[in-house]
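The values are calculated or read from the model by the stated rules, or taken from the named source; none is laboratory data. These figures come from a predicted structure and were not determined experimentally. FYI the Cβ positions are ideal-geometry reconstructions off the backbone, even for glycines, and counts take in every protein chain you see.
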Amino acid sequence: MDIQTFWDAAGVRGDWRLAAAGQLSAGQDLKTAALISLFTWRRARADDTLPDAAGGRKGWWGDAITRRPIGSRLWLLQREKQTRIVVQRAKEYADEALAWLVEDKVCSSIEVVAEIAGPGVLGLQCGFVREGRPNLKFRFDFAWANLQLVNT
């Protein structure tokens, strides 16, 4: 069981909490994996358009020495307008970030739906199909103001 990541919407970050016995809270492994995969910054590719050219390609330094990058390129959409093309790119970036869960057989499939959830808010709904275990669905909004479990 992994350390559980809790989303802090006010602080726009993931955080850990202590359980009753003074140990880090554990559980919700798939939710934590999805949070890390979607909301950590994967290094931008050389052909990506950066939201701020002076800001660099960002990303985790360890990606330079691993075969599989961590995180997503969703951060590249920070200054984009709400268009169908941007929604499609968000879906592609989320699919890319979550693909390792299928490759490593954590899930048998993942379904990502991207949508404009409101003015200035890009929503992601991610469904996770797991063999012999209940399917899960999480809804994330790109502004990181809300993270909730959608009952299936």
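Before moving on, here are some points about what is shown:
- For the stretch 64-88, filtering for residues that are outside any loop (DSSP other than H, G, I, E, B) and within 20 Å of Ala33 (Cα to Cα) leaves 3.
- Set Asp2, Asp63: member being within 24 Å of Gln125 (Cα to Cα) and modelled with pLDDT under 85: Asp2
- Those residues of the stretch 116-127 which are out of contact with any Ser or Thr (no Cβ under 8 Å at 6 or more places or on another chain) and surrounded by 15 or more Cβ atoms within 10 Å (Cβ to Cβ), in sequence order: Ile116, Ala117, Val121, Leu122, Gly123, Leu124, Gln125, Cys126
- Test for Val106: is it part of a helix (DSSP H, G or I) and β-branched (Val, Ile, Thr): no
- Residue check, Trp41 touching a residue at least 12 places away in the same chain (Cβ under 8 Å) and closer than 21 Å to Val113 by Cβ: no
- Residues of the stretch 103-135 that are of a type in the set (A, V, I, L, M), more than 15 Å from the chain's Cα centre (by Cα) and closer than 16 Å to Ala33 by Cα: Val106, Val129.
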